[in-house]
Structures are given as structure tokens and as C-alpha cells.
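Notes follow the structure.
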């Protein structure tokens, strides 16, 4: 019986694997903290919905190592981010900046939703008009 509770507990509360390999971790805790903060803001290009800090993909691992190497060289946080963005584009940022190129990322979903709502409203208005026309034709047919 205890085994069932253990299995259910494991299934309900999955353990999250740490994607960062212990060999990647910097010896200096301050630098490691900076690397983690930067990594949490970078998107895994393979997984797309995870940060490189959470992803197990090989490319995410390469990016984590790249970030740590840039920090060890002495780059500031912004310099590291600028370097990664220059190689992969704004898409690699989990929160891309609002600018001309990324307007579609920011406002595209809203515009698509509005277009869908307008389409639904027009569709139902047309259906209502057709129904009213059918009712009028039916009433005229019953009077004759």
C-alpha cells in the first residue's frame, strides 16, 4: 500500500531535473549567479518555451557554456546578452524588446484574436439576417 502512495506522489509531484550540468557551474558563486540570471532570460531555440537554464537540449548547453565563458572573459551582463542576440537574433530573448522587427511577436496574437472576433460577429449577423428573411418568406407563404 505504501508503494502505491509513493508512486502516486512521484506522478503528482514530478521532480524537475536540473538542466545545468555540474561541470558547467562556475567556481565563483557571484559569477554563477550572474550566469544563471542571464540564462533564465534566454530562450532555448530548440525547445522554444524554456529558458536555456531549464532545457536539456545540446544547443541550450552550448549557450549556457557560451554565457559562462563570456562572463569569465569579463563581459558585462548587457555585453553577454548583446553578443548572444547578435548571433541568434531577438528571438533568443524570452522577453524580446518592442521594436519594429518584433511588433508581430507582441501584437500579432491580439490582432489575430480581434480578426477572429470580427469574423464571428459578421457571420452571426448574416445568419440572423438570413433567418429573418426565411421567417418573412414563411409568413408570406402562410398568408396566401
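Checking 94, 63, 81 one by one, the residue that is in contact with a strand residue (DSSP E or B) (Cβ under 7 Å, 6 or more places away or on another chain) and in contact (Cβ under 8 Å) with a residue 40 or more places away in the chain is 94 and no other. Kindly check whether there is at least one residue in the range 68-76 that is assigned to a loop (DSSP other than H, G, I, E, B) and not assigned by TED's automatic domain parsing to the domain that holds residue 25. No - not one qualifying residue is present in the range 68-76.
For the range 40-67, a tally of residues being touching a helix residue (DSSP H, G or I) at 6+ places or on another chain (Cβ under 6 Å) and part of a helix (DSSP H, G or I) returns 2. Tallying residues that are closer than 15 Å to residue 91 by Cα and out of contact with any strand residue (DSSP E or B) (no Cβ under 9 Å at 6 or more places or on another chain) within the range 39-59 yields 5.
The values are calculated or read from the model by the stated rules, or taken from the named source; none is laboratory data. Just so you know, these numbers come straight off a predicted model, no measurement behind them. Note that we place each Cβ from the backbone using ideal geometry, even for glycine, and neighbour counts take in every protein chain shown.
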